[in-house]
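What follows is one structure encoded as structure tokens, with my remarks underneath.
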Amino acid sequence: MTPFISEIIGTAILILLGGGVVANVVLNKTIGNNGGWIVITTGWALAVYVAVVIAGPYSGAHINPAVSIGLAMAGKFPWSDVPLYILAQMIGAMIGATCVWLFYKNHFDVTEDGAAKKAVFCTAPAIRHTFSNVFSEALGTFVLIFTILYFTDATINDTQTIIGLGSLGALPVAFLVWSIGLSLGGTTGYAINPARDLGPRIVHAILPIKKKASNDWSYAWIPVIGPIIGAALAALGMSLLS
């Protein structure tokens, strides 16, 4: 499996399971309806675990443009590979979001709340405040990338695996994302991943979803720029401490 295909599959699985847990909690007549924030954050953490297990041996399981950019800025990943990784991540995120819609289509159809349906695809602020929302996404991503930069440098098939130690090494990443969600996710829904938010947001705009909410493009730049700022600050912090 090539790194490009690996990032597509890994990111698609991430969004399938991550968006899937949101759908299970917020859409009408699901067995998991009203499961709450703990269920959502746990589901996203486990989604990351599964995605890293799958993609880790082949691409390092970035599954997030902020990870690719942060690692490149820290000198741990070639800049020349960043555009290809981001393209793969965007494609994977859009595939995953489409699969969530197909899987839960009957429940989308019986859900009247357009905002709830949009929440399956992308994030939104609890309180809209541009600086605070950017700060939330930047700080959450800073914690993500800064911690990842201190993960072990395992090797598989003579190729450096940037994140983790195979299946075992995926656990720290899952716990990291779980912690961020529980502690820092209440303000913006913790996108901390530009592809995770933008790719599904585009899919939400395209799909024929009944009574869907506005895509809120005026906010859409925040879960893209905020994580990139956080990744850049994490790389800078790593270089200052090295």
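Quick look at the values:
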read-out: Test: residue in region 62-72 that is farther than 17 Å from VAL203 by Cα and surrounded by fewer than 22 Cβ atoms within 10 Å (Cβ to Cβ); value: yes
read-out: Search result, residues across region 26-47 that are within 27 Å of LYS210 (Cβ to Cβ) and within 18 Å of the chain's Cα centre (by Cα); value: TRP37, VAL39, ILE40, GLY43, TRP44, ALA47
read-out: Members of region 39-94 found to be hydroxyl-bearing (Ser, Thr, Tyr) and either under 15 Å from PRO172 (Cα atoms) or modelled with pLDDT of 95 or more (or both), listed by number; value: THR41, THR42, TYR49, SER68, SER80, TYR85
read-out: Pairs where the first residue, in region 221-237, is on the phi < 0 side of the Ramachandran plot and the second is outside any helix (DSSP H, G or I) and surrounded by fewer than 24 Cβ atoms within 10 Å (Cβ to Cβ), C-beta under 7 Å, 6+ apart; value: ALA234/LEU149; ALA235/ALA74
read-out: Boolean, LEU14 is surrounded by fewer than 17 Cβ atoms within 10 Å (Cβ to Cβ), hydrophobic (A, V, I, L, M, F, W, C), assigned to a helix (DSSP H, G or I) and modelled with pLDDT of 95 or more; value: no
read-out: Residue selected from region 83-128 under the condition of a type in the set (Val, Ile, Thr) and more than 14 Å from the chain's Cα centre (by Cα), by the criterion nearest to ILE40 (Cα to Cα); value: VAL100
read-out: Top-ranked residue in region 138-167 [being in a strand (DSSP E or B) and either modelled with pLDDT of 60 or more or touching a Ser or Thr at 6+ places or on another chain (Cβ under 7 Å) (or both); ranked as nearest to LEU16 (Cα to Cα)]; value: THR161
read-out: Qualifying residue in region 73-93 (condition: assigned to a helix (DSSP H, G or I), within 21 Å of PHE146 (Cβ to Cβ) and in contact with a Leu (Cβ under 8 Å, 6 or more places away or on another chain)); value: yes
read-out: Some residue of region 98-110 being part of a helix (DSSP H, G or I), aromatic (Phe, Trp, Tyr) and without any contact (Cβ under 8 Å) to a residue 40 or more places away in the chain; value: no
read-out: Hey, GLY19 within 13 Å of the chain's Cα centre (by Cα), under 16 Å from ALA116 (Cα atoms) and part of a helix (DSSP H, G or I) or not; value: yes
read-out: Criterion (in a loop (DSSP other than H, G, I, E, B), on the phi < 0 side of the Ramachandran plot and either crowded, with 21+ Cβ neighbours inside 10 Å or among the β-branched types (Val, Ile, Thr) (or both)) met by exactly one of THR30, THR41; value: THR30
read-out: Region 114-137, residues that are without any contact (Cβ under 8 Å) to a residue 12 or more places away in the chain and part of a loop (DSSP other than H, G, I, E, B); value: HIS129
read-out: Residue count, region 205-242 (criterion: modelled with pLDDT of 95 or more, over 16 Å from the mean Cα position of the chain (by Cα), part of a helix (DSSP H, G or I) and not aliphatic (A, V, I, L, M)); value: 3
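The values are calculated or read from the model by the stated rules, or taken from the named source; none is laboratory data. This one's a predicted model, so the numbers in the text were calculated from it and none came from an experiment. Glycine gets a Cβ as well: all are built from the backbone with ideal geometry, and neighbour counts include every protein chain shown.
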